[in-house]
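Data block below; observations after.
The values are calculated or read from the model by the stated rules, or taken from the named source; none is laboratory data. For clarity, every value in this text was computed on a predicted model and none was experimentally measured. We place every Cβ from the backbone using ideal geometry, glycine too, and count neighbours over all the protein chains shown. For accessibility, only protein heavy atoms count, side chains too; no ligands or nucleic acids. Shrake-Rupley method; radii C 1.70, N 1.55, O 1.52, S 1.80 Å.
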Amino acid sequence: MAARTLRIGLIPGDGIGKEVIPAGRRILEALPASLGLKFEFVDLKAGFETFEQTGAALPDKTVEVLKSECDGALFGAVSSPTTPRKGYSSPIVALRKKLDLYANVRPVKSVMTAAKPIDMVIVRENTEDLYVKEERTYDAPDGTGKVAEAIKRISQRASSRIATMAGEIALRRQKIREGGASSIHKGPLVTITHKSNVLSQTDGLFRQTAKEALAAARFSSVAVEEQIVDSMVYKLFRQPEDYDVIVAPNLYGDILSDGAAALVGSLGLVPSANVGEGFAIGEPCHGSAPDIMGQGIANPIATLRSAALMLEFLNEEKAAALMYAAIDANLEEGRLLSPDLGGTAKTEEVVADILRRL
Ligand code: GGG
């Protein structure tokens, strides 16, 4: 069998992104030759530091190379300034839109001894909602100061395709369970999250469209329920074991997934993939963590799992399974853990331990 060569863009971004993305490259290079997979890597720029150096947070070249030369990518982290900087806009938000990576898939799974077993995937719509970033500030007509407002855009097209992706992920997870993987879940379940009791038009459209998409015949084995987002947060913290696949508009999905990360011990464990048609960017859920940058103690696991998740969406499920198993074994043994998990291991030591287990 001829080897398949995947060309992967590497975009470290800012802060600890520069420390964890090289780990993502190393785990891909360390995969056994018997898988018939080869990798070529292209170093690409984006981020706040890139903006300060070049005036562009997401250089055109980065987008062009990803579009024309790459099969997938790994993106580290970016922390955009909280006060506006002229000419600056978040590169990861722009990249998701430019490549139409419409789904942000975030698996949250407990491995080490956790208070409760957790095995869920949060499927976050990635292109619209408040993240269309159409904001404006103006003086209140009654002279009481400034008013700022933002557009929350929800479309039928985006809601339908994200719900369909959630249904497909639920079916795929069920197939893996039927193949013998141990799981806390018995059957596939998708929970639609929204706030349509207040936002009856925007979230109302999301809710209705998602329900229609999941009513398709091919999802007949998937149970579908809905949950108002505030009560979702409550239940997520009290009964996280109840959730299999959660589908949410962009902002709720962003918040829920960081919250869910707390349930499994650290944001440093949680991966994500930005997924479009035939293209996936693996991206750790954590940010650039300037407080620990340069110390060599960043947890590389979110990035290593993101590399595996990227491969899953590039149809290399066998390679991904090997990577997950090596990572889980490191966590289960609990000997070499980074400081966010209560250990003292350096990034390099965690990576070396996981590569040894591959
Ligand atoms: N890797 C996830 C990440 O960078 N999170 C921080 C974040 O969402 N940044 C967006 C931004 O600062 O533009």
All but one of (1) in contact with a helix residue (DSSP H, G or I) (Cβ under 9 Å, 6 or more places away or on another chain); (2) open to solvent by less than 70 Å² (accessible area, probe 1.4 Å) hold for Ile151; which doesn't?
-> (2)
Selection from the stretch 47-99 of residues more than 10 Å from the ligand (Cβ to nearest atom), outside any helix (DSSP H, G or I) and surrounded by 12 or more Cβ atoms within 10 Å (Cβ to Cβ) yields Ala56, Leu58, Pro59, Cys70, Asp71, Gly72, Ala73, Leu74, Arg85, Leu99
Among (1) without any contact (Cβ under 8 Å) to a residue 60 or more places away in the chain; (2) of a type outside the set (Val, Ile, Thr); (3) within 13 Å of the ligand (Cβ to nearest atom), where does Ala2 come up short?
-> (3)
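Any idea which residue in the stretch 251-297 is nearest to the ligand (Cβ to nearest atom), counting only those that are acidic (Asp, Glu) and surrounded by fewer than 20 Cβ atoms within 10 Å (Cβ to Cβ)?
Taking the stretch 251-297 and keeping what is acidic (Asp, Glu), we get 254, 258, 277, 283, 291.
Then drop every residue that is not surrounded by fewer than 20 Cβ atoms within 10 Å (Cβ to Cβ), which leaves 258, 277, 291.
Working: Asp258: 9, Glu277: 22, Asp291: 14 Å.
Among those residues, the one meeting the criterion is Asp258.
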Determine whether Tyr234 is buried (at least 24 other Cβ atoms within 10 Å of the Cβ), in a helix (DSSP H, G or I) and either more than 12 Å from the chain's Cα centre (by Cα) or more than 16 Å from the ligand (Cβ to nearest atom) (or both).
-> no
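Within the stretch 32-46, count every residue that is within 16 Å of the ligand (Cβ to nearest atom) and open to solvent by less than 90 Å² (accessible area, probe 1.4 Å).
Final tally of qualifying residues: 2.
State whether one or more residues within the stretch 95-104 are among the hydroxyl-bearing types (Ser, Thr, Tyr) and either on the phi > 0 side of the Ramachandran plot or modelled with pLDDT under 90 (or both). Even if it seems obvious, please write down each step before you answer.
Applying the first criterion (among the hydroxyl-bearing types (Ser, Thr, Tyr)) to the stretch 95-104 yields 102.
Those still in the list that are either on the phi > 0 side of the Ramachandran plot or modelled with pLDDT under 90 (or both) too: none.
Checked against the condition, which is being among the hydroxyl-bearing types (Ser, Thr, Tyr) and either on the phi > 0 side of the Ramachandran plot or modelled with pLDDT under 90 (or both), the stretch 95-104 yields no hits at all.
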